[in-house]
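The values are calculated or read from the model by the stated rules, or taken from the named source; none is laboratory data. Quantities reported herein were computed from a predicted structural model and do not represent experimental measurements. Positions of Cβ are generated from backbone atoms using ideal geometry, with glycine treated the same way; all protein chains shown enter the neighbour counts. With ligands, DNA and RNA removed, areas are computed over all heavy atoms of the protein, side chains included. Shrake-Rupley method; radii C 1.70, N 1.55, O 1.52, S 1.80 Å.
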Amino acid sequence: MNSVMKVLVIPICIALLLQSLPPPAIPAGFQFSVPPELPNPRPLEDFKSSSSLSLRNVHRLEYDGLRGPESLAFNSKGEMFTGVHDGHILRVDTKEERTYEVAFTGGAPLGMQFDHNDNLIVCDAMKGLLQVDVNTGAVSILAAKVSNTSPISPGAPLRFVDDLDIASDGTIYFSDASDQWVELDTHGVSDSMLASWKVFLAGHHTGKLCKYSPKTGEVHVLADNIWFANGVALSEDESFLLIADTMVARVYKYMLVGPKAGTKEVFLDELPGGPDNIRRAPDGSFWIALVKKYDASLKFLAGNLVLRKLLAWVPGFMPPSPNRAMVLHVDQEGQIIELLADMDPEGIKYHTITQALEHDGTLYLTSLKNDAIGTLKL
């Protein structure tokens with residue numbers, strides 16, 4: 001045996017042993033899968049527009065308590081609320097330049113919107129679909145599992161409730177990102193970004209699009225087999241809704257009415273980054289946060305089962321990536337209106353954007369990786 005082989009034989013044996021065992025970074029029973037092939041993302045030049053907006057003009061609201069806000073919403077009074085990764089729901093007062101704690105979910109609040117009765121409906125990755133009374137602080141669980149009457153995944157637990165939209169009749173459409181659940185980090189707070197990395201490593205496309213009926217309290221799964229089900233947004237006429245699949249850089253259209261009702265089709269594909277929360281603008285168009293830029297290394301890793309298993313053995317590990325920011329604006333047909341992008345980590349104002357919400361002439365940005373809310377005048 002030559003010297004090179006002697007050097008390699010031990011690490012090769014260790015690698016073969018590790019990849020055959022269930023890694024501690026992935027929960028027991030969570031099987032590794034061969035994921036769908038990742039698309040080749042289109043170059044940023046394909047999304048160029050004549051917009052004069054620039055993410056370099058973002059203003060940061062750096063108030064105490066804003067620890068990684070993933071989403072935000074406005075109630076009927078125009079008050080702003082957000083959730084942070086330690087489980088608190090905050091009211092954000094821009095006049096007093098401070099926050100007020102209004103509730104505690106005990107979990108990981110992600111997407112949120114107010115219903116027509118001014119109840120804050122929260123997707124909590126650890127607790128399920130919640131209703132929060134921002135006046136009293138009362139938190140109630142609307143749903144923590146799929147109903148037994150659902151034609152798809154009856155009785156399945158909701159492991160990673162992520163984002164939502166609410167129809168005019170009160171029906172709540174929401175995503176359950178994956179069977180993977182969110183764990184606590186070394187500081188005892190949730191880490192949704194790390195959980196999404198584990199979902200990528202496992203390659204297990206178990207994300208679901210769900211519907212909650214406030215009349216019956218039932219949850220039915222409308223579509224499954226989504227790698228990482230994320231942002232949800234209804235069209236202006238509520239004839240369809242959009243559902244983001246972050247891992248494959250794709251947005252689907254799910255039809256609610258007409259001859260195609262109950263089916264989904266590709267709305268946007270080969271995006272330059274993974275789509276996160278989606279919010280409908282006042283004119284019916286959509287703002288889509290692209291949380292991470294896609295590159296060739298992700299495609300290579302997705303197709304390498306052994307390497308994914310080995311990386312899963314490293315607790316808490318996520319590959320470093322440069323700070324970048326992308327927000328895509330499209331019309332109801334999926335035509336590009338503009339792409340706001342800041343790809344230079346030097347001097348970037350706000351990065352790893354998880355939501356872009358248009359409200360009263362301002363675009364409000366959130367991010368799990370910023371202890372601030374971003375604002376951009378439109």
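Things worth noting here:
- Candidates 330, 266, 58: whichever shows maximal mean-square fluctuation once the chain is modelled as a Gaussian network with Cα springs under 10 Å: 266
- For segment 31-165: rounded, prolate or oblate by the Cα gyration tensor [a/c cutoff 1.5]: oblate
- Note on residue 46 and residue 260: the model spin-label points, each 7 Å out from Cα along the C-beta direction, lie 1.9 nm apart.
- Charge dipole (segment 115-234, unit charges on Cβ, about Cα centre) - positive-most of 153, 178, 210: 153
- Full extension of the segment from residue 238 to residue 305, taken as 0.36 nm per residue of separation minus the current Cα-Cα distance, would add 20.1 nm.
- Charge tally for residue 321 (other residues, Cβ to Cβ under 12 Å; Lys, Arg +1; Asp, Glu -1): +3.
- Taking a point 7 Å out from the Cα of residue 135 in the direction of its Cβ, none of the residues of segment 201-225 has a backbone N less than 17 Å from it.
- Extension gain, residue 218 to residue 360: 0.36 nm times the residue separation minus the Cα-Cα distance gives 47.7 nm.
- Positive minus negative residues near residue 334 (Lys, Arg vs Asp, Glu; Cβ under 11 Å): -3
- Taking 0.36 nm per residue of separation and subtracting the current Cα-Cα distance, fully stretching the chain between residue 60 and residue 34 would add 5.3 nm.
- Counted by Cβ distance under 11 Å from residue 77, the other residues give a net charge of -1, where Lys and Arg count +1 and Asp and Glu count -1.
- Cα centroid separation, segment 281-357 to segment 62-93 (Å): 22
- Approximating the spin labels as points 7 Å out from Cα along Cα→Cβ, the residue 152-to-residue 295 distance works out to 3.4 nm.
- Of the whole protein surface, residue 127 contributes about 80 Å² of accessible area at a 1.4 Å probe radius.
- Segment 241-376 shape via C-alpha gyration tensor axes, a/c threshold 1.5: oblate
- DSSP-loop GluC sites (Glu not before Pro) across segment 306-378, with at most 15 other Cβ within 10 angstrom: 333, 346
- The modelled label-to-label distance between residue 74 and residue 378, using points 7 Å beyond Cα along the C-beta direction, is 1.0 nm.
- The C-alpha atoms of the chain define a longest principal axis, and helix 192-202 lies at about 40 degrees to it.
- Summary value for segment 180-312: 16 percent relative contact order, contacts being C-alpha pairs under 8 angstrom separated by 6+ residues.
- For mean projected area of the Cα convex hull in nm², calculated from these coordinates, the label among (i) 23.7; (ii) 20.5; (iii) 17.3: (ii)
- Helix 3-19 vs. the chain, principal-axis angle (Cα, 0 to 90°, nearest 10): 40
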